[in-house]
Amino acid sequence: MSTPTREFYDVLQRAFDFFNERLFAAALPPCLITAQREKNTMGYFSPERWASSEGRRAHEIALNPAYFADHPMIEIFQTLVHEQCHLWQFEFGRKKSRRGYHNREWAEKMQSLGLMPSHNGEPGGRITGQKMSDYPVEGGPFLEACQAFMADFRLPWVDRHAAVAPPCQSRPKIASPQDDALYTRASTVIPDLEPLEERQQVVRARQKVRYQCEGCHAKLWGKPGLNVICGTCNLPYQGDPP
């Protein structure tokens, strides 16, 4: 019997297996794929994070479901393959990166797959560094694999209260007459998502406001709508406009 858990994770496992075969010659070992709402990142790789009662170990690839709804489908695949390259380097690389860093060996593997590393997600960006984004190379193996995978791909479940803020690094759209499905957002095909305007209001309500004393110009941060008096000047603090 099908369940939401099985439907959601089966799709991620199928994507892992597909890109493993198409881009890594099926060399990557199985790993444990998880959904983690890690703030300001679309995914991460954690080597040998899991252990079994039989003494086995498994790597973890985490994907952030908070970004699934309002990001193009191709960005989910970019995140997965980006982390698969970390897995490849851990298993087969000669110059492994320190934790969280993206070194030249990792960058060269990404480029060989048709994913260009870039610290700012744009052409000409640095290809190594601590926080890295990437963009697909037109006509490269990654983009071709994505187009093939999209032929029968469907994301069955997405977070109705998806995150509004984009990930740390933006990713530009690579225009192509064949990539419309790759750049479809789940929010355009799943009818029951919380409206974007409501999510934006929630984000704004949670944001802190900077207040400044009219006299001594001392500053503080707090929730919107505070009525604060400066103890030194006996003057009100004024909050920045929303």
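The alpha carbons of segment 55-99 give a radius of gyration and a Dmax of 13.1, 40 Å, in that order. Would you work out the Kirkwood radius for segment 23-161? I mean one over the mean of 1/r across all pairs of different Cα atoms, in Å. For segment 23-161, the Kirkwood estimate is 15.8 Å.
On the beta carbon distance between E38 and Y101, with R0 = 22 Å, the FRET formula returns roughly 0.80.
Between the alpha-carbon centres of segment 112-141 and segment 1-44 there is a gap of 21 Å.
Heavy-atom accessible area for C31, with the other protein chains in place and a 1.4 Å probe, reaches approximately 20 Å². Residues Y135, Y211, sorted by accessible area with the largest first, give Y135, Y211 [1.4 Å probe; ligands and nucleic acids excluded].
Highest average first, the peptides 41-47, 95-101 ordered by how many other beta carbon atoms sit within 10 Å of their residues are 41-47, 95-101. So if the hydrodynamic radius of segment 6-52 is defined as the Kirkwood radius over C-alpha pairs, what does Stokes-Einstein give as its diffusion coefficient at 37 °C and 0.692 mPa s, in µm² per second? Calculated translational D: 268 µm²/s.
A Förster radius of 51 Å combined with the Cβ-Cβ distance from D10 to A218 puts the calculated FRET efficiency at roughly 0.35.
For K95, which lysines qualify as cross-link partners when the Cα separation must be under 29 Å and same-chain residues fewer than eight apart are set aside? Leaving aside lysines fewer than 8 places away in the same chain, those within reach of K95 are K39, K109, K131.
The values are calculated or read from the model by the stated rules, or taken from the named source; none is laboratory data. Everything numeric in this text was worked out from a predicted model, so none of it was measured. Here Cβ is always computed from backbone atoms with ideal geometry, including for glycine, and neighbour counts include all displayed protein chains. All accessible areas refer to the heavy atoms of the entire protein, side chains included, with ligands and DNA or RNA removed. Shrake-Rupley method; radii C 1.70, N 1.55, O 1.52, S 1.80 Å.
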